[in-house]
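Q: My questions will all concern the structure given below.
Readers should treat all values here as calculations from the given coordinates under stated rules, not as data from a laboratory. Computed from a predicted structure; not experimentally measured. Every residue, glycine among them, receives a Cβ derived from its backbone with ideal geometry; neighbour counts consider all protein chains shown.
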Amino acid sequence: MSQLKKRSILLSCLLLVLAGGLVADTWFNNYEKGRKAIKKKKWADAVSYMQKALDQEKEPKLNAKTVGMNFIDYLPYYHLGQAQYNLGQYKEAISSFERSKNFDNSRRKRIFSGKLRELIQNCRAKMNPQPVQTQVTQTKPQPLAQVKTKQPPTQQPATSKWQKQSPVAKPQGDTKKWESVEAKNKPTVTPKPKQEQTKPETKTQLPVKRTPQPIPSPGKSTPGAAQTLIADGKALYSAGNFQDAQHKFAAVMQVDEGNPTAAKWLNIVEHSLDITILNSGIRFYFNGNRSQCKEALEKAIKAMENQNETGYTESLVTAYQFMAVLLIENHYLDDDTSQEILKEAYKMIAKIKALKPGFQLENDYFSPKVAKIFSSN
Amino acid sequence: MNKSIKLTVILFLLLPLALMGQQEVQNIKISDTTFSGVVGSGARAFGMGGAFISIADDATAASWNPGGLGQLEKPELTIVTRYQNFRDVTPASQGPFDHWGAQDLNTNSVGFDFLAFTYPIRIGNFKIVPQVSYQRAINFNLDSTMNDVFYTGVEWHPEIRDTAVFRGTFNETQNFTGGIDTITASLGFQFFKVINIGASVNFWRNGYEGSFDRTFNGVLTLENHPNFIEPLDFTTSEDLTMDVNGVNYNLGILISILDNLKVGAVYKSNFSADVNHSITVFEEAFVDDEGQVIPVWERSGQSQLEWPETWGVGLSFRPIDPLTISLDMTETRWSKAIIKRFRLPEAEGGEPGGGPPGHVEVDVYFPTFVPTDDFVPDQEKQLDTRQIRLGMEYIFIGRNTLVPIRLGFFTDSQYYSDAAGDQVNFFGFTGGFGVKWRGLSIDLAVIYETGNYLASNQDFTTTRFSEIKSYISTSYSF
């Protein structure tokens, strides 16, 4: 073979190696690069990669085949929205999340749509930065779970639909109504510039157990004063104003430390406040506010566990139940810590079974997948 | 009859029997699918009937279609082991000069089949996919037995003007180890996401060694001497070795016509391999002064093996992501597989009592060792083979676990003809399943192949062939 021919063959092989190496990324390469960029908080790169992935494969898909026996959940609009949200592109983020919401898959739709609703609301809140303050205590909530044993001798806390139905009764009103109420309450002021925003998201305030303010000692306690405070406290409790009622009863304890009536009512009010926090958490869950739901449930569980009273059994079971459901649903959305989240959920289920053996999760409000995990643990 | 004549008769009569044994071991009719070097390896592929040319998207890609390597994204390690059992059952047959009882040749083999490591390299927009692999292309790790085969033969001997009749039973055992292996270096590329091409260089090495023992227990009589009855109990042994040394290449291409429709093609080149071989035949009657059995006949030498070329095409379709259906066709030019200058014993050799026959050097077909000259009947000549393979894979997808189910069917024409001169055809079914958990995959495949062919056109006896092979593959992708 002549030298020229040999060199030509060698050069062709080299060119083949170089040219053959030139390869455009596939849709799953771009998608994985986008996800890695999100983990590293490189939002602009993430947007770029997700858009490239969408140029090649427009349809989101669960269990999409890549190469060989490899399958991934392809949710590009969701991740694109995440990146756009963090870049402050709220309008684009809402559009991406809406497109992700429209992705219809019965297995995850229920879980996913809740999370997406929360994200869209966050985006809208960012675009209209005046927070909508809603205080649970300013309404007249009916306790959704009743404390069984701690009943005042003369006055029964109003029983609610929640107690009469099963522990997993639907919230009052449709969840969509809650969104429309929030939408109507949108303020008309122009949004402040981004740099003036100090909090990442606006949260509805949870009822807080306030430390009762000390009342200056009059130097001399009178039975009449204590009775008046007790009467005021009862009236406030009946009106649903648990925090002010707590203040009144605490004031009685300040001036008359051993007052049994005040102590009893203080206990009742504190129970009701715990239940109210729990109710808020449940409300947040059905509204799709998952992070606030988790916060409320954690507070309620901590408060009720600290009380360590049998009267809290039903309420604790309810709290554990919603926490377990929330954790299981989060498990499907967050692959990175999925096993840890699932372990926490199993702990909650174990606690439920310890308190109430034979407990069954009702399928009406939760997906069959969640119910199956409950029944298998 | 005096003693010396008796001995001469015995010796002379035994020799063809001994030489017949040599033909038998080299004439093992094993299915084309035994030659993994022709098709490929891997439990996943075989579970799908071997229809993998247009899929080839795992670490076994280089053995099926190196073009598929360009698709791989992650490093992967695979090891495949194989268990094999085949049976050749021939019913009793009657010829003009002999009568054979039913023959049931049962062969077992277990061992390593394939090992590969793939490491895709991506730097920016560049991707190349190298792979190194080691494959047992032709397995000779076999243990065979054939027991209690009844035989009656008659032979006219003009020198004693009598017809010798021998009756008895044969028992055979064959123990072989080794096989012909390939060490392969492959490279795959991907162009514009849809075109994948690849090439492999295969270094063929090693060979086999083993022994074949045939024991005959019977009697020898002469038709015209009714008082002559001589017991015949002897063992014929052969030791065989064969080593191969050669290089060939594979080229492959795989194109994604649509995201869920792919076509592929592969070409495996022919090549010339140096062959070192030796045969030593022992026969109990031949002993030296110290009573040690000495070789009746031995031959060793170097020849050249012309290994045949293979080409194949395939098509795969994925109607939904978990389901893949594929169809392949492969042809191998076994009519060109020849060993050149192979030493064979002469048909008639030596004076009576003068020692073993001489030998001739001829070209013979591989693996039948039948001479390729024009005097050989057409039905003895080797033929090109074709396989058509159809397969499917359905993957059940769990949270972190995949469970694939696979089924396949194939037709497999053989390189030899039946007694009527028609090409022998087998067919087979495959099934398999596996588990993939995160990066670890374990797959199992079972192949059942069967077929009948006319063994004798005199009494129309039919040989029934059946083979069961199972493969276990373990893969890990990083």
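Q: Taking 0.36 nm per residue of sequence separation and subtracting the Cα-Cα distance, how much length would be gained by fully extending the chain between A:Leu62 and A:Lys343, in nm to one decimal?
A: 98.8 nm
Q: Could you give the size of the charge dipole of region B:130-215 about its Cα centre, using +1 on the Cβ of each K and R and -1 on the Cβ of each D and E, expressed in debye and rounded to the nearest 20?
A: Result for region B:130-215 is approximately 600 debye, rounded to the nearest 20.
Q: Using amide H atoms built 1.01 Å from N in the peptide plane, name the residues 5+ places from A:Met69, or on other chains, whose amide H lies under 5 Å from its own.
A: Distant-sequence amide H within range of A:Met69: zero hits.
Q: Between A:Lys40 and B:Val110, what is the spin-label point distance in nm, taking each point 7 Å from the Cα along the Cα→C-beta axis?
A: Output for this residue pair reads 5.0 nm.
Q: So what's region B:53-112 giving for Rg/Rh, alpha carbon basis, Kirkwood Rh from the mean inverse pair distance?
A: Ratio value, two decimals: 1.38.
Q: B:Lys193's amide H: which non-local residues (gap 5+, or another chain) put their own amide H closer than 5 Å, with H modeled 1.01 Å from N in plane and none for Pro or chain starts?
A: A:Ala24
Q: Which length gain, in nm to one decimal place, applies between B:Asp363 and B:Glu309 when the Cα-Cα distance is subtracted from 0.36 nm times their residue separation?
A: Working it through step by step, the gained length comes to 17.6 nm.
Q: Taking 35 Å as R0, compute the FRET efficiency from the Cβ-Cβ separation of A:Lys372 and B:Ile468 and round it to 0.05.
A: According to the calculation, E is roughly 0.30.
Q: Starting from the amide H of B:Thr462, placed 1.01 Å from N in the peptide plane, find each other amide H under 5 Å away whose residue is 5 or more places distant or on another chain.
A: Placed amide hydrogens put B:Ala455 under 5 Å from B:Thr462.
Q: Size of the dipole of region B:422-478 about the Cα centre, Lys and Arg at +1 and Asp and Glu at -1 on the beta carbon, nothing else charged, in debye to 20?
A: Dipole of region B:422-478, to the nearest 20 debye: 400 debye.
Q: Which FRET efficiency value, to the nearest 0.05, is calculated for B:Tyr448 and B:Gln302 with the Förster distance at 41 angstrom and r the Cβ-Cβ distance?
A: It comes to 0.55.
Q: Can I ask one more? Find how many whole Å separate the alpha carbon centroid of region B:409-424 from the alpha carbon centroid of region A:53-85.
A: 50 Å
Q: So, one more: So, in nm, how far is label B:Asn276 from label B:Lys340 when the simple model puts each one 7 Å beyond its Cα toward the Cβ?
A: 2.0 nm
Q: Which value in nm describes the separation of the simple spin-label points at A:Ile72 and B:Trp437, placed 7 Å from the Cα toward the beta carbon?
A: It works out to 2.4 nm between the two label points.
Q: A further question on this structure: Name the GluC sites (Glu not before Pro) in region A:247-310 that are in a loop by DSSP and that have at most 11 other C-beta atoms within 10 Å, would you?
A: Listed in order of number, the matching sites are A:Glu257.
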